[in-house]
Every structure is written in structure tokens, then in C-alpha cells.
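Taking it in order: structure first as C-alpha cells, then the write-up.
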Amino acid sequence: MRLTMKEREVVTKALCDQYRKARKKDKGRMLEHFVQSTGYNRSYARFVLRNHGRRVEVGPGIVLQGDRRVRRGQPRVPRHGRVVRDALKAIWKVMDYICGKRLVAALPEVVRRLSVCREFRMTKSVQRQLVAMSAATIDRLLKPERAKHILKRRGGTKPGTLLKHQVPIRTFSDWDDARPGFFEMDLVGHDGGTSQGDFCQTLDMTDVATGWTEQAAVLNKAEIWVFHAIQAVRRRLPFPMLGLDSDNGSEFINHHLVRYCNQERLTFTRSRPHRKNDTCYVEQKNWSIVRRFVGYARHEDQESVDLLNELYATLRDYNNFFLPSLRLKEKVRDGARITRRYHPAKTPYARVLDSPHVDQTVKDQLTAYYRTLNPAALHRRIETLQRRLLLLAVQRPTQRQSPQDEFTAFVPKRRAKANRGGKPRPCPSSRPLGRRSGRTPALPYPPPRPTGSYPQSKARPKTKNRLPLE
């Protein structure tokens, strides 16, 4: 068994002085043992033992010491010129600044589509260099630009009724991801940072097998709006819906949706309470699609709902046909270290074409529709709708006066006493009631009097007046 890198450094440091002072026969014997233990080439091992820790005086008071860990840097000759880097930046922007592993899978098809749509004028040489790039090269070339484009999450799910016990629980490991049609769904609130009042919600649905995503905006979390949105999403799917999986919110766990799934023979399951990883497929899309393209602003009127649905119609084509995604292949745990391996990045459209469970007629229709799309035009349309949506965002609703402030407004304040210096000294009762430094917060109202329901100590009988002893 060969030594590790740190062990090699220790052995090298211990043998280098002995090797330089030894005789020729001893050097050969030491070199053989050193090569067997470290696995170095014989010539490289001789070079390391000869020069590591060696001190050379190159001038008065200037001494250089050899170190095998320090290598002389060689200037890297740039292989990709400015034209190629500019073309890569432009395509990266069109593809919504995705990572190199996803972009390298989309580059061949995107370069061809952009050339057909005449969005960019690129020579054949530039196109060949773009297609031949690796993921590491893409990340290295885009590192300065990525640094220039350098948001938190709030949940508003309220528990459903006892009906949730009639809906079976499904975790992320129970999915059969070989057949399209099983969707995870969730609601994303556009509350602007406060949950007061009604505000728009986005129904996010993700197919487990292909990653196909659909979004629909609703006016609030009422179950009737959510139900209509689910029906609208089902009508525009390219493949039949087979099952639904949601969290435990009352907008999903209700008699209306359970009855609908039973009538349509749809599998309806739910996740465990407070376990977001059970719906990990849709939770990831909540950020990568809804929050990334809509943001955290507050929207609460019908005009915003209509504009959101118009934006989601464009995002449907942009995400499902052009943005590739990674799927986990396996996860291996070795002690505290976890190694994850992924399948090659593909778009949801490509996974639908590869699925044997989708009819060929549907695949032909999707291919014909894909040939009419222009990713650069879709990206420009998305940016236009985002600017319009930003104008409709409302400010946070005015904070209502808390009961604590209403109570302290009527607390009488004593006059401040003067200390020796003549400055007023506030009394403890004149300070406003606020949150204490300890765990127990201050009461915003006077403590209630004990009622008859609490156990009380028995009252002592009144003692009679005793006469003095004579």
C-alpha cells in the first residue's frame, strides 16, 4: 500500500539529508526503498531527494531553500480569444447564468438554434471552440463575470384538517421516477416579507421523472383557486397526469381535491409534516424558477395574477425546452463523507423524448413546436415581463399597532425624580413596556385574575377577638 501525500512529505523530509550525505551504494539502496514506498518515478525520486531542503546562497545574505511542494509557475497560453469569451458570455446570459455542468450539455443545441435564428453571428471556428469546451473551462472563463452577479425563504403553510390522515404519506425515496406523470406541487407566496392580508400565490408543479415544470398564479390560498389552477395545468401537459403529491396545507388537503382525485383515478399522496425533503423536486424549483424570475416582491391584485400567468407561459417554454438540469444517479456515504454522482445534464424536453411511456405522436408535436422557439427571444420577453411586474409590486402593508403599544399608551407615567446633579432620573414605572432580555416576554396586558377553574388555597377562617386573661 502506497503512502499518502502527507506521509510522502514526512518521508522525503527525513531522508533528503541522509541521501545527500550517503555514499553511492547507500544512495542506490535508499532510492529503491523510497521508490517502492512513494510510487515515484526513479528519476523524479532522485531529483526530490537531491534538492528538497537544499540551501543555496545566491548572494550576500540571500539563501534559497529547495521545497518539492513549490512548483515554478508556467504562464498559461490563452487558448480561447476575446471573440470566443464574448460569445460564451452572451450565450450564458441567454441561458440565465446557469453553471458550467448544465451549460456544457446545452451548448451544442443552443449554438445551433441561435445560429438558425440569426441571433449571433459566429464563425465556424468560434462555434467549434464553444462546443468543444468542458465544464471546467466554462466555469474558469466565466468566473470574473459570475462574481459580478452575486437573496431567504419564508414558509406560510398552515396545517390541514384531520382529512390528511386519509391521504397516504410518500417520501422522496418512494417515487418510481421511470414513468412521467407523477407531480409534486407546492405554493409559493408573494407576500413581500409580511403575511398580513391576502396576496398572490404561485402553484408550482414538477414532474418527478422528467423534471417538466408548470406554474400558475392564483389570487390567494383559497382551495377553489388552487383547484382551478391544477385543472388548468393538467389540460396543457404534454403527457397524462397520473399522481399528485403535496404538503399538509389545507389548500391541498381538502375534500374537494380528494374527491376529484378519486373520480379521475389519480394517486394523491402527501409528505410528512415539517419534512421539506419529502418534496425535494418541487422545493428546488421554488427557488430556481419562481423566486429567481419573480423575486420576493408583494403582489395582491388580479392584474398581477394575469401578468404572472403571462410570465409563466413564457417560462414554460424557456425552462422545459432549453435549460438542462442534473439528476442524481447515486449517493455513496463513506463515514462522514458523501459522494454524489449525477446523470448527464438534459432538458425536460429531451427526457420526454427519451421516455418510452410517451406516445410518438406527442413527441412529434413537441419536436415541431420546439423548432419554432428562439431562446434569445424568449429571454428578452421574460426580461420585459419582469420589468412590468416590478412596477405592479406594492409596498408592505402598514404595520397595525400591536396590543402591547395600545396598552402602554394608557399606562400612567410618574414624574421623573431629580438626582443630586439636577438631572431627571426616570422611575421604573415610566419606562415603556417592551421585550425583556430574558426568555419570558413582558405581558402586553395586565395578568388575568385567577378564576374558579384553578385550584385555590382554602381561605382561613377569621379569628374571633380574644379577651385578655384575668
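Values quoted throughout were computed directly from the atomic coordinates according to the rules given, and no laboratory measurement underlies them. Worth saying up front: this structure is predicted, and the values here are computed from it rather than measured. Virtual Cβ from ideal backbone geometry, glycine too; neighbours counted across all protein chains shown.
Residues of the stretch 293-312 with amide nitrogen under 17 Å from the 7 Å Cα-to-Cβ point of Ile224?
The answer is 302.
What residues qualify as long-range amide H neighbours of Lys346, i.e. H under 5 Å apart, gap of 5 or more or another chain, H built at 1.01 Å from N?
It is Ser325, by chain and number.
Can you tell me the length gained on complete extension of the stretch Leu237 to Val258, counting 0.36 nm per residue apart and subtracting the Cα distance?
My answer for the length gained is 5.5 nm.
Taking a ≥ b ≥ c as the square roots of the eigenvalues of the Cα gyration tensor of the stretch 162-392, is the shape rounded (a/c under 1.5), prolate (a/b larger than b/c) or oblate?
Judged from the Cα gyration tensor, the stretch 162-392 comes out rounded (a/c under 1.5).
Can you order the peptides 292-300, 205-213 by their average number of other Cβ atoms within 10 Å per residue, highest first?
Per-residue mean Cβ counts within 10 Å order the peptides as 205-213, 292-300.
Determine ³J(HN,Hα), in whole Hz, for all residues of the stretch 304-312 in sequence, where each value follows from phi through the Karplus function 6.51 cos²θ - 1.76 cosθ + 1.60 and θ = phi - 60°; x replaces Gly and Pro.
Going residue by residue, I get 5, 4, 5, 5, 5, 5, 5, 5, 5 Hz, with x marking Gly and Pro.
I want to verify the translational diffusion coefficient of the stretch 82-148 in µm²/s; compute it with Stokes-Einstein, Rh as the Kirkwood radius over Cα pairs, at 37 °C and 0.692 mPa s.
In µm²/s, the coefficient is 278.
I need the shape label for the stretch 192-232. Rule: rounded when a/c is under 1.5, else prolate if a/b > b/c, else oblate, with a, b, c from the alpha carbon gyration tensor.
oblate
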